[in-house]
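Student: Quick one: the structure is below, and I'll ask about it shortly.
The values are calculated or read from the model by the stated rules, or taken from the named source; none is laboratory data. Note that this is a predicted model, so its numbers are computed, not measured. Because the Cβ atoms are built from the backbone with ideal geometry, glycine has one as well, and the counts that use them run over all protein chains shown.
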Amino acid sequence: MAIVAGIKGLNFWQFFKLAKVLILKPFFIVPTYRATRKTVEICNSHFGKKHHKNNSTNAFRHALWNFLICEKCYKTSNSIEKASIWAEKITSLHEILSPNRELSKIMDLHNNRIGRELFKKNASKSINIIALLKEMMENAVQVSSIAEIENAPNRLVFIEKLETQL
């Protein structure tokens, strides 16, 4: 499984940082794991392996991942704020620990934030997050600089165009 392989690939200090975060919120570990698995399953089902590139499907995945972490951790904590803070902490740590270029990291952090904001706005509502994010994908902005990301505060962003239509 990709999650286990990712953990095995960490060096000592990276593993220590991850363990430190997880120890502080042990009740969020299982919901976060389930949200991560569900995100990958949904993205594989809808996009195949395309979501592993820096395209609009990747933007969808990051926003969905954060939304689902918030949703599942909210059920544990009954606090929108705690769930959102946790999702930000764990997904930001993921970006710190992954070997991405700076622009890719900033793009991922931006799309992560979009997912958390969608959760905060819709936590008390029943929404079809997949349909909403697919609609947002259609209006996603292609970027080539950090300034362009900052100029698209409420839109998903991506770096590379999809090779083929979905």
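Student: Filter the range 133-159 down to the residues that are farther than 23 Å from Phe67 by Cα, among the charged types (D, E, K, R) and in contact (Cβ under 8 Å) with a residue 24 or more places away in the chain and list them by number.
Tutor: Within the range 133-159, no residue meets the criteria.
Student: May I ask you to say which residue of His62, His110 is touching a strand residue (DSSP E or B) at 6+ places or on another chain (Cβ under 9 Å) and either free of Cβ contacts under 8 Å to residues at least 60 places away in the same chain or at positive phi (or both)? Break it down into steps so the answer makes sense when it comes.
Tutor: Details: His62 fails: touching a strand residue (DSSP E or B) at 6+ places or on another chain (Cβ under 9 Å).
When all the criteria are applied, what remains is His110.
Student: Check off (1) under 23 Å from Val141 (Cα atoms); (2) modelled with pLDDT of 90 or more for Lys50 and give me the number that stays unchecked.
Tutor: (2)
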